[in-house]
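The values are calculated or read from the model by the stated rules, or taken from the named source; none is laboratory data. Quick caveat: nothing in here was measured; it's all calculated off a predicted structure. Glycine also receives a Cβ, built like all others from the backbone with ideal geometry; neighbour counts cover every protein chain displayed. Keep in mind that these areas ignore ligands, DNA and RNA; they rest on the heavy atoms of the full protein, side chains included. Shrake-Rupley method; radii C 1.70, N 1.55, O 1.52, S 1.80 Å.
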Amino acid sequence: MRTQVVIIGGGPAGLLLSHLLYLEGIESVILERRTRQYVLSRIRAGVLEWGSVEILRQAGLSGRMDREGIVHQGSMVTWTGGDRFLIDTQKYAGRELMVYGQTQLTEDLYAARDAAGGTIIDEAADVMPHDVTTDTPWVTFEKNGETHRIDCDFVAGCDGYHGVSRTVIPDSVLRTYEKVYPTGWLGLLSETPPYEYLVYSRSERGFALCSMRNPMLSRYYVQVPLTDTLDDWSDDRFWTELKARYPSDIADAIVTGPSIEKSIAPLRSFVAEPMRYGNLFLAGDSAHIVPPTGAKGLNLAVSDAWYLSRGLASHFNAGSDDLLDAYSDTALRRVWASTRLSWWLTVLLHRFDDEDEIDRRLKISELEYIASSTNALASLAEQYAGLPL
Ligand code: APR
Ligand code: PHB
C-alpha cells in the first residue's frame, strides 16, 4: 500500500489531521490500535477554545457541535471562605467557549472521515515507523495475523502519550520535561441537569469542578488521593464530597442522580521536543500532556493538527517547506503556554499533602488578588480563552 501521510493514532489529533489533509487533496491512512467502539467509549474533556471552534467550522465539522454544544462566556472560580469570580473570556478576550464533549467530537470526526471515504484501519497491532529520516519512510503493522507495509512521504505520530511514535526519536535528539502531581481526579457522569456554569473550586477538602455535556448530562470531578480506587467511591460518597467542596448556594443547586460513568485520572505535565524528527511529526498527546485543569489538552490536539495540516498542504500544494520546518517551534510555543497555564491553575486550585499553612494562605491571597484586579482577571481570561493560533 502507498499513501502520502500515514497517521498513527485515531484520536482527535489523528482524525482531525486526516480530515484537514483530505480538504487539501492530500491522502492519508490512519492506523489505530484499538477498536472504534473502544475509542468512542472514552470519556474525556469537553471545553473548546473559540479558535478550535473556528477550525472545526471551517473544516465543515461543526454541524452537531453548533446544534448541541453549549456556548459560555467563561467559567467560575470559588474558594472556601472566599468570594468567587468569573473568568469572563467574552468580556476580557472577546472570545466565548464551547462546551462540547471530546467523545462527541470524536464521533463527528469518524463520521466525517467515513462520509469522505477515508481509510481508518482499526485494531492495527505492532505499528512501527521505519526510515523516517529518509524521503521514503514506511510503516508496518499487523492485522488479522498478517504483516502489512505502507510506504509514504510523511508519518504523523498522533498516538497519544503511550504511543510508539515518540519512541522512534533517539534520546540524543529528544528532550522531555515532566511533572507528576501527587493527586488525581475522580470524574462522574450523570444524566442530570448541570449547574449553570462551569465552576472550579479550591476547597479545604480539595479541588472540585462542575462541568457539563448537554442540558441533561453533567460532568463533575473531585480531587482524590492516587491510592483511591473506584470501589472507595459510591455515588453517595461522591455527591456528599462534591457538595462539601462548594459554597452552599452552589451545593444546593447541584442536581444529583445515578452515575453512568466514573473514572480516576492522574495529573501530569509533560512536553517532548522537538515535535519533528526527519519526516516524522508528533501531534497531540504523543508530544505533550497537560493536567486537565483549564481543559487545554483537546485544544492543543486541534492546534497541532491544524499547524501540521498547513505545513503539509504547503509542501504538497505550494512546493514550500517553510511551514513544515517551522512546525515544531510554532506548535511548541502554544504547547508551553498551555502547559504553563494548566500547571499554574492546578497548583493554585488543588490541596497537596505536602502543602503547609503558608502555601494555603498564599494561594488564597492570590485568588483574592485575581478577584479584585481587572488586570489579573484579563490575563487569566486571555489565557483560558486560548491564545490565537
Ligand atoms: N499504534 C496505533 N495507535 C495507537 C498506538 C499505537 N502504538 N498507541 C496509541 N494509539 C492510539 C490510541 O488508542 C488512541 O486512540 O492513538 C490514539 C491517541 O488518541 P488520544 O489519546 O485521544 O490523543 P490525541 O488524539 O492526541 O488527543 C488528545 O486526548 O487525552 C486527551 O486531554 C487529551 O483532549 C486531549 C486529547
Ligand atoms: C470537563 O468537562 O470534562 C472539563 C471541563 C473543564 C476542565 C476540565 C475538564 O478544566
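A few points about this structure:
- Restricting attention to region 277-321, the residues being more than 11 Å from ligand 1 (Cβ to nearest atom), open to solvent by 10 Å² or more (accessible area, probe 1.4 Å) and within 17 Å of the chain's Cα centre (by Cα) number 2.
- Residue ID - least open to solvent (accessible area, probe 1.4 Å), chosen from residues in region 260-271 that are more than 19 Å from Pro12 (Cα to Cα) and out of contact with any Asp or Glu (no Cβ under 9 Å at 6 or more places or on another chain): Leu267
- Check on Thr134, away from ligand 2 (no atom under 16 Å from the Cβ) and more than 28 Å from the chain's Cα centre (by Cα): yes
Yes/no matrix, rows are residues, columns are (1) assigned to a loop (DSSP other than H, G, I, E, B); (2) of a type in the set (A, V, I, L, M, F, W, C); (3) in the same structural domain as Val302 (by TED's automatic domain parsing):
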site	(1), (2), (3)
Ala112	no, yes, yes
Ile120	no, yes, yes
Glu123	yes, no, yes
Asp126	no, no, yes
Pro129	no, no, yes
Thr134	yes, no, yes
Phe141	no, yes, yes
Ile150	no, yes, yes
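- Positions within region 364-389 being open to solvent by less than 20 Å² (accessible area, probe 1.4 Å), within 25 Å of Glu178 (Cα to Cα) and either assigned to a helix (DSSP H, G or I) or out of contact with any Phe, Trp or Tyr (no Cβ under 9 Å at 6 or more places or on another chain) (or both), in sequence order: Leu380, Tyr384, Ala385
- Residue within region 29-36 that is crowded, with 20+ Cβ neighbours inside 10 Å, away from ligand 2 (no atom under 16 Å from the Cβ), β-branched (Val, Ile, Thr) and not in a helix (DSSP H, G or I) present: yes
- The residues of region 322-363 that are open to solvent by 70 Å² or more (accessible area, probe 1.4 Å), over 28 Å from Gly82 (Cα atoms) and touching a residue at least 60 places away in the same chain (Cβ under 8 Å) amount to a single one, Trp336.
- Screening Ala283, Ala295 for residues that are within 16 Å of ligand 2 (Cβ to nearest atom) and either touching a residue at least 60 places away in the same chain (Cβ under 8 Å) or touching a His at 6+ places or on another chain (Cβ under 8 Å) (or both) leaves exactly one candidate, Ala295.
- Within region 2-28, the residues that satisfy the criterion of being more than 20 Å from the chain's Cα centre (by Cα) and either modelled with pLDDT under 95 or open to solvent by less than 40 Å² (accessible area, probe 1.4 Å) (or both) are Thr3, Val5, Val6, Leu21, Ile26, Ser28.
- Yes/no for Leu86 being touching a Ser or Thr at 6+ places or on another chain (Cβ under 8 Å) and open to solvent by 10 Å² or more (accessible area, probe 1.4 Å): yes
- Residue check, Tyr100 more than 26 Å from Ile250 (Cα to Cα), open to solvent by less than 10 Å² (accessible area, probe 1.4 Å) and of a type in the set (Ser, Thr, Tyr): no
- Scanning region 337-363 for residues that are over 21 Å from Tyr221 (Cβ atoms) and not basic (Lys, Arg) turns up Ala337, Asp354, Asp356, Glu357, Ile358, Asp359, Leu362.
- Scanning region 37-60 for residues that are in a helix (DSSP H, G or I), without any contact (Cβ under 8 Å) to a residue 60 or more places away in the chain and away from ligand 2 (no atom under 16 Å from the Cβ) gives Gln37, Tyr38, Glu54, Arg57, Gln58.
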